[in-house]
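I have placed the structure first, in the form of structure tokens, so that the comments after it can refer back to it.
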Amino acid sequence: MRRALLLGLLLLSCKGSGTKPIDVPPPPPEPKCGDGNVDKGEACDLSNLAGATCQSLGFDTGPLVCDSACQFSTSLCVKRCGNGVKEAAEACDGDAGLEACAQFGYLSCTGTCTVDARHCVTTAFESGPALELTKGGPAVVGDVSPRGPGDLVMAVPSFGRVEAFPWVATQGFDGTGGRKLSFLKSPVRAEVCDVDSDGNQDVATVNADGSFDHYVFTGAGFALQELDGGCAGASFLGPARLAADGGAQAVAWGCDALFVLGARSLRSLAARDSSAATIADVDGDGVSELLWVDDGGPSLKVLRAPDFAADAGVALPVSPAAIAAGDLDGDGDADLAALVGAQVQLLENTGLGFAPKVAFPAAGAGELRIAELDLDGRPDVLWTQGDEVVIRRNRGGFLFSEVRAALGPGPRLSFDVGDVDGDGDPDFAATVSLGGDATRTWVTLNRVR
């Protein structure tokens, strides 16, 4: 026993006095895309989809794939509702499966591929509250600051000013809440357009002496900008965006000339021997052109910014007293509606000229327009006739159905198409004389929205 203990101590004394090293296992590899593990920031890794499928991501069928960045690729997933193809159990998909609204308005397809018929209405228009003023005048529909529903912007010659009456849902245009936009002038016509491209609507006027003015919104009110020149008896064709990088400009017509009212400028364009003019986007580029009828041909001439040089003109088969332009057949170019005698004739743009397509009886017609009234994507033709608006609803392929809307009686001072109540569809406002300076503005509301 003593001998064994002594031998143990002897052996222990032979070992070094240093510390024995400890073996540390190597650290695990850093997570990386492509290792098959779904790590932080990864949706998947190789074939490891973390239990996800095309169906769990909202698609109907197809294989889910993990891309090289360890994110889901749904390029092979298929969502039947939303692919534009009407399939089993779907009433529609995009435009597929949608019929034309038989009454007035449009059908749409919901996100669940069912038909939404809320904007297909049997009663297209209804009368709204009228505005009576002891001193009024011709008016247009606009939306001057502060933005909201429409305003009735009215030239009031007897007061020598322009007033804007806001639309109030419970009562119509508010005759007691009118704002005076100008003073010490004699405006006889007004137009609303954003001349300085600041997002606020400005006002242009034709005055009793034939001069033109701009009233530009400054943030606190409207500042007068007097424009040199003019034409007594001129009337506005409407606002027009005549350049891709410019704002809207008011365009007036009178004295055998077109007038372009730009920011701080007025340009007069001679249009001799002409019976009619209008504004339209002829080539579908988002910029409007000025169109006028040369009675010597007769032909239709097109003027484009910035120089407004008239082209050679395209022959017309008729001599119209008024024209309106728009793409009636959906082929990308502008067709014409022409007031000829006691008819409204529609002329198709063939690329080489204009061919008569259809004619409607229209004795006593006025205020000829082309506008998208039922929001089905096809522009409609309308004109005033007596105390009504006659609408030829575009059904495609130069087929039209008739709809009429009442305006209200009285000698008409003005008629305008615009969104009166701010719901996104065009309404009508017609101002008539009640004798002396008194006026009544009849409002007809579009019920599509």
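The values are calculated or read from the model by the stated rules, or taken from the named source; none is laboratory data. Treat the numbers as computed from the prediction; the structure is a model and nothing was measured. Neighbour counts run over all protein chains shown; Cβ positions are idealised from the backbone, glycine included. Heavy atoms of the whole protein, side chains included, go into the accessibility calculation; ligands, DNA and RNA do not. Shrake-Rupley method; radii C 1.70, N 1.55, O 1.52, S 1.80 Å.
Under 8 Å for C-alpha pairs, at least 6 residues apart: give me the relative contact order for the chain, rounded to a whole percent.
11
Assuming 1.567 mPa s and 4 °C, estimate D for the stretch 63-117 with Stokes-Einstein, Rh taken as the Kirkwood radius over Cα pairs, in µm²/s. All intermediate terms of the calculation are to be shown ahead of the outcome.
Details: Rh = 13.0 Å.
It comes out at roughly 100 µm²/s.
Could you please state how large a percent of the accessible area of the chain is carbon and sulfur, counting protein chains only and using a 1.4 Å probe? Present the calculation step by step, with values, prior to reporting the outcome.
Values: 11610 of 21730 Å².
Percent of accessible area from carbon and sulfur atoms in the chain: 53.
I'd like the Karplus ³J(HN,Hα) series for the stretch 77-86: coefficients 6.51, -1.76, 1.60, θ = phi - 60°, whole numbers in Hz, and an x wherever there's a Gly or Pro.
6, 10, 10, 5, 7, x, 8, x, 10, 6
Can you tell me the Rg and Dmax of the chain, counting just the alpha carbons, in angstroms?
Rg, Dmax (Cα atoms, Å): 35.1, 143.
Considering amide H positions built from the backbone, and no H for Pro or chain starts, which residues 5 or more places from Ser299, or on another chain, come under 5 Å of its amide H?
Here Asp294, Leu316 satisfy the definition.
Determine, from the Cβ-Cβ distance of Val85 and Ala169 and an R0 of 51 Å, the FRET efficiency 1/(1 + (r/R0)^6), rounded to the nearest 0.05. Walk me through the numbers before you get to the answer.
Details: r = 41 Å, r/R0 = 0.81.
Using R0 = 51 Å, I get an efficiency of 0.80.
Using θ = phi - 60° and the Karplus form 6.51 cos²θ - 1.76 cosθ + 1.60, what ³J(HN,Hα) does each residue of the stretch 382-396 get, whole Hz, x for Gly and Pro?
8, 7, 8, 8, x, 9, 9, 9, 9, 10, 9, 6, 6, 9, x
Provide the solvent-accessible area of Ser268, counting protein heavy atoms only and rolling a 1.4 Å probe, rounded to the nearest 10 Å².
80
Ignoring ligands and nucleic acids, what accessible area does Lys32 show with a 1.4 Å probe (Å², nearest 10)?
The accessible area of Lys32 comes to roughly 130 Å².
Just by accessible area at a 1.4 angstrom probe, what is the order of Asp295, Asp245, Asp416, Asp45 from largest to smallest?
Details: Asp295 65, Asp245 145, Asp416 20, Asp45 0 Å².
Largest accessible area first, the residues go Asp245, Asp295, Asp416, Asp45.
What accessible area per residue, rounded to a whole number of Å², is obtained for the stretch 131-220 using a probe radius of 1.4 Å?
Numbers: 3430 Å² over 90 residues.
For the stretch 131-220, the solvent-accessible area averages 38 Å² per residue.
Keeping all protein chains in the complex and leaving out DNA, RNA and ligands, what accessible area do you get for Arg189 with a 1.4 Å probe, in Å² to the nearest 10?
Answer for Arg189: close to 80 Å² accessible.
Can you classify the stretch 162-204 as rounded, prolate or oblate using the Cα gyration tensor, where a ≥ b ≥ c are the square roots of its eigenvalues, rounded means a/c under 1.5, and otherwise it's prolate if a/b beats b/c and oblate if not?
On the way: a/c = 2.55, a/b = 1.31, b/c = 1.94.
Note, shape of the stretch 162-204 comes out oblate.
Considering only protein heavy atoms, what per residue accessible area in square angstrom results for the stretch 269-401 with a 1.4 angstrom probe? The partial results should precede the final answer.
Details: 5120 Å² over 133 residues.
Using a 1.4 Å probe on heavy atoms only, each residue of the stretch 269-401 averages 38 Å².
In whole Hz and in residue order, list the ³J(HN,Hα) couplings for the stretch 323-333 that follow from phi through the Karplus curve 6.51 cos²θ - 1.76 cosθ + 1.60, θ = phi - 60°; x for Gly and Pro.
The phi angles translate into 9, 9, 10, x, 7, 6, 10, x, 9, x, 10 Hz.
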